[in-house]
Amino acid sequence: MTADLTMSEEDLLGVVLDMAATYGIRTVHFRAAKTAQGWRTPVQGDGKGWPDLVLVGPGGALFRELKSHAGRPTGEQEAWLVALDRAGLSADVWRPADLRSGRILAELRAIRKAAGAVGR
């Protein structure tokens, strides 16, 4: 439980990216850059709040916002998660507790297989 309380969002991201690479799952994460106006992530349209991570495998796609134990999604992040969910896509929040419980591993394994595939 202690690891759940102390693991940062950045540490969680690193672990998830490593796990995804192990399973051959394609990923994308957009990093903010420091500008004269502070940290910014270049985006057009309604991109503010877009989930931290998109993971795609033969068996589907996951849109995940990553948070530390105490972190909370912003209003814009919640709006994207709801919009993606309503569109029938898998959109949710992952926290360090989800890593410990095996939830993240189970969800990655689920999308690494093509729909209807049998075996590994």
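Here are the numbers for this structure:
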quantity	calculated
Residue check for Ala115: at pLDDT 95 or above, more than 28 Å from Thr6 (Cβ to Cβ), more than 15 Å from the chain's Cα centre (by Cα) and not in a strand (DSSP E or B)	no
Of the criteria (1) assigned to a loop (DSSP other than H, G, I, E, B); (2) of a type in the set (Ser, Thr, Tyr); (3) touching a strand residue (DSSP E or B) at 6+ places or on another chain (Cβ under 6 Å), which one Thr27 fails	(1)
Restricting region 30-67 to residues that are assigned to a strand (DSSP E or B) and on the phi > 0 side of the Ramachandran plot, the residue that is modelled with the lowest pLDDT	Gly38
Flag for Val15 being outside any strand (DSSP E or B), surrounded by 12 or more Cβ atoms within 10 Å (Cβ to Cβ) and either modelled with pLDDT of 95 or more or within 14 Å of the chain's Cα centre (by Cα) (or both)	yes
Residue list for region 96-113, restricted to those being surrounded by fewer than 16 Cβ atoms within 10 Å (Cβ to Cβ), among the hydrophobic types (A, V, I, L, M, F, W, C) and in contact with a helix residue (DSSP H, G or I) (Cβ under 9 Å, 6 or more places away or on another chain)	Ala97, Leu105
Pair list, Cβ under 9 Å, 6 or more apart: region 35-49 residue touching a residue at least 60 places away in the same chain (Cβ under 8 Å), other residue exposed (fewer than 11 other Cβ atoms within 10 Å of the Cβ) and not in a loop (DSSP other than H, G, I, E, B)	none
Residues of region 61-113 classified as over 23 Å from Val43 (Cα atoms) and among the hydroxyl-bearing types (Ser, Thr, Tyr), total	2
Identity of the residue in region 38-95, loosely packed, with under 15 Cβ neighbours inside 10 Å and among the hydroxyl-bearing types (Ser, Thr, Tyr), that ends up nearest to the chain's Cα centre (by Cα)	Thr74
Residues of region 71-112 satisfying the condition of being among the small types (Gly, Ala, Ser) and either in a helix (DSSP H, G or I) or in contact (Cβ under 8 Å) with a residue 40 or more places away in the chain (or both)	Gly71, Gly75, Ala79, Ala83, Ala91, Ala97, Ser101, Ala106, Ala110
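The values are calculated or read from the model by the stated rules, or taken from the named source; none is laboratory data. Keep in mind that this is a model prediction, so the values were computed, not measured. We place every Cβ from the backbone using ideal geometry, glycine too, and count neighbours over all the protein chains shown.
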